[in-house]
């Protein structure tokens, strides 16, 4: 089911998979709990709920989500992160992911710092 959802999402032109899905696509042994994507607009996405946030995970503060069998967390940014294409799916580069984690690490609470540190260990 995850693969079908990823293929369907990848039909959107300005969409990059980030987080655990990006890691999985690049061969890391992780099991995504949700799908995190970065887009520049919400065109061609269905059934989303849009909201503003002060989350440290979103530079623009603009987010949305789609709830279904798998939660899709949508980060709406002015620019897409650097990406590579694997089997037709755009996924954030490891370099870009590391840079992002190091930027937000001091901005988040201790729970998220531990989550980020565990992801950085995977990326070494």
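Here are the numbers for this structure:
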read-out: Listed residues 114, 47, 87, most fluctuating in the chain (Gaussian network, C-alpha, under 10 Å); value: 87
read-out: Net length gained if the chain between residue 65 and residue 117 were fully extended (0.36 nm per residue, minus Cα distance); value: 16.2 nm
read-out: Antiparallel bridges, percent of DSSP beta bridges restricted to the chain (to nearest 5); value: 75
read-out: Residue with peak Gaussian network fluctuation, the chain [Cα springs, cutoff 10 Å], from 60, 22, 110; value: 110
read-out: Length released on extending from residue 95 to residue 34, taking residue separation times 0.36 nm less the Cα-Cα span; value: 19.8 nm
read-out: Residue-averaged 222 nm ellipticity for the chain, from DSSP H runs of 4+ at -39500 (n - 2.57), nearest 500; value: -9500 deg cm²/dmol
read-out: Tail beyond 14 Å, pair distance distribution of region 69-124 (Cα, percent); value: 66
read-out: Rounded if a/c under 1.5, otherwise prolate or oblate - region 10-59, Cα gyration tensor axes; value: oblate
read-out: Listed values (i) -0.49, -1.53; (ii) -0.78, -1.26; (iii) -0.56, -1.20, entry calculated as log10 I(q)/I(0) by the Debye sum over Cα atoms at q = 0.13, 0.22 Å⁻¹; value: (i)
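Bear in mind these aren't lab numbers, they're just calculated from the coordinates by the rules spelled out. What you are looking at is a predicted structure, and each value in this text was computed from that prediction instead of being measured.
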